[in-house]
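Single-structure report; data block below.
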Amino acid sequence: MIQRKQTIFLILAFLVIMGCQCMPIAYFFPEGMGVDTEMYNCVLIDPLARLRYTCWPLSLILVLAATVTFIDIFLYKKRPLQAKLCWVIVGLLVVWYPTYYYYANTLAETYKCQLEYSWSACLPALAIIFTLLARNGIIADEKLVRSMDRIR
């Protein structure tokens with residue numbers, strides 16, 4: 001049911017996760033001579049169009065989170081399961097941050113570059129907020145349904 005507020009929050013979380021998947025999440029600037037490099041969730045791209053697939057686990061985590069979010073949207077008839085899957089989504093997005101920090105700093109040390117984090121690295125945190133808001137709505141719906149069952 002699209003008219004529920006928690007469904008809207010889950011759709012927003014899905015869109016934010018997919019937006020983070022497509023945007024650069026860090027920039028590397030060489031300390032001496034060299035070219036600037038952009039870090040995406042799946043690949044490092046330098047201006048010479050060389051691709052290095054060294055940070056693919058970041059992409060895997062976001063793809064899993066987006067998939068679970070998309071599935072969670074359509075489980076509106078199974079509210080307890082939907083609320084549990086919200087915790088799975090939050091857990092995946094929380095795991096993304098230490099992984100991101102590890103890959104960004106390791107690559108900066110490996111290539112001896114100055115690291116600059118992108119604003120798009122905040123998008124998973126925004127998705128966490130949307131998912132928690134959706135979970136609160138799901139729990140409120142479940143309480144309402146249970147209270148109606150008690151009245152009958």
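So for the chain, averaging the separation of alpha carbon pairs under 8 Å that are six or more residues apart and normalising by length, what relative contact order in percent results?
34 percent
Thinking of segment 45-100 as a set of Cα atoms, what percent of all their pairs are more than 13 Å apart? Mind dumping the intermediate values first?
Details: 990 of 1540 pairs.
Across segment 45-100, Cα pairs with separations above 13 Å total 64 percent.
Take the solvent-accessible surface of the protein heavy atoms, probe 1.4 Å, and return the percent of it on segment 93-133 that carbon and sulfur atoms account for.
Accessible surface attributable to carbon and sulfur in segment 93-133 totals 71 percent.
With every protein chain left in place, what is the accessible area of Tyr40 in Å² (1.4 Å probe, nearest 10)?
50 Å²
Over segment 51-140, what is the relative contact order in percent, taking alpha-carbon pairs closer than 8 angstrom and at least six residues apart?
36 percent
Summing -39500 (n - 2.57) over the DSSP H runs of n ≥ 4 in the chain and dividing by its residue number, what mean residue ellipticity at 222 nm do you reach, to the nearest 500 deg cm²/dmol?
Using -39500 (n - 2.57) per qualifying helix, the result is -22500 deg cm²/dmol.
From the mean inverse distance of alpha carbon pairs (Kirkwood) and the Cα radius of gyration, derive Rg over Rh for the chain.
1.14
On a 1.4 Å probe surface of the protein chains, which of Arg135, Arg146 comes out largest in accessible area, and what is the full order?
In descending accessible area the options line up as Arg146, Arg135.
If you count only protein heavy atoms with a 1.4 Å probe, what accessible area per residue comes out for the chain, rounded to a whole Å²?
Value returned for the chain: 57 Å² of accessible area per residue.
The values are calculated or read from the model by the stated rules, or taken from the named source; none is laboratory data. Since we're looking at a predicted model, the values are computed, not measured. These accessible areas exclude ligands, DNA and RNA; they are computed on the full protein's heavy atoms, side chains included. Shrake-Rupley method; radii C 1.70, N 1.55, O 1.52, S 1.80 Å.
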